[in-house]
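The values are calculated or read from the model by the stated rules, or taken from the named source; none is laboratory data. Fair warning: this is a prediction, and the values are worked out from it, not measured in the lab. Virtual Cβ from ideal backbone geometry, glycine too; neighbours counted across all protein chains shown.
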Amino acid sequence: MPANEEKNKELSVKQRLARFLENRKMRKTSERFAILDKIYSSSAHIDVATLHQAMLADGFQVSRATVYNTLDLLIEAGLVRRITLGDGVNRYERILVVNNHHHLICTRCGKVKEMKAVKVVEDLIAHKPRSFEPQYYSLYIYGLCSKCAKADKAVAKERK
């Protein structure tokens, strides 16, 4: 995505948050917008502890509770999605600039790689029951990343 288009998306994300807060008569705090910015400035899946540390490093004196509460607001506003990648840790990812995608998760080192949605899953969603309106989907594929698989092969070769 070109830089200008990414910047326009980012502006619309901030505008959506501002509108969401205005409609609920909530304060538009710099901390809320900074948390939104941290999530949207990274393609990583960020957890609360990492996000909290990043906020402190940027000079924001926020509690973990503030981070949790803001994340709940961002989810409600439709700007962020909560995901779990099989290790029991909730992570958060931006959803306005990212299309449906799948996660390849290494069961050894925990590395996560995103891949574009595949047609077979999109076809399944297209044939949804009439009584169900999907909002998003996610597919998690567990296995070994190339680095861990290579290490396994090296160990197996040494044993022979």
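Quick look at the numbers
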item: Test: Ala44 is of a type outside the set (S, T, N, Q), more than 16 Å from Ser12 (Cα to Cα) and assigned to a loop (DSSP other than H, G, I, E, B); result: yes
item: The stretch 19-34: number of residues that are part of a helix (DSSP H, G or I) and closer than 15 Å to Asp72 by Cβ; result: 4
item: Failed item, numbered, when Leu104 is tested on (1) touching a residue at least 24 places away in the same chain (Cβ under 8 Å); (2) not assigned by TED's automatic domain parsing to the domain that holds Ala151; result: (2)
item: Unique residue being assigned to a loop (DSSP other than H, G, I, E, B), outside the structural domain of Tyr140 (by TED's automatic domain parsing) and touching a residue at least 60 places away in the same chain (Cβ under 8 Å) when the list is Gly59, Gly78, Gly88; result: Gly78
item: Pair list, Cβ < 9 Å and 6+ apart or interchain, from the stretch 25-48 residues that are assigned by TED's automatic domain parsing to the domain that holds Thr70 to residues that are part of a helix (DSSP H, G or I) and exposed (fewer than 12 other Cβ atoms within 10 Å of the Cβ); result: Lys28/Glu22
item: Scope the stretch 26-52; condition among the charged types (D, E, K, R) and touching a strand residue (DSSP E or B) at 6+ places or on another chain (Cβ under 6 Å); matching residues; result: Asp47
item: Unique residue being surrounded by fewer than 16 Cβ atoms within 10 Å (Cβ to Cβ), modelled with pLDDT of 80 or more and within 27 Å of Ala149 (Cβ to Cβ) when the list is Arg91, Arg82, Arg108, Arg64; result: Arg108
item: Candidate set from the stretch 39-53 (those that are surrounded by 18 or more Cβ atoms within 10 Å (Cβ to Cβ) and at pLDDT 95 or above); member that is nearest to the chain's Cα centre (by Cα); result: Leu51
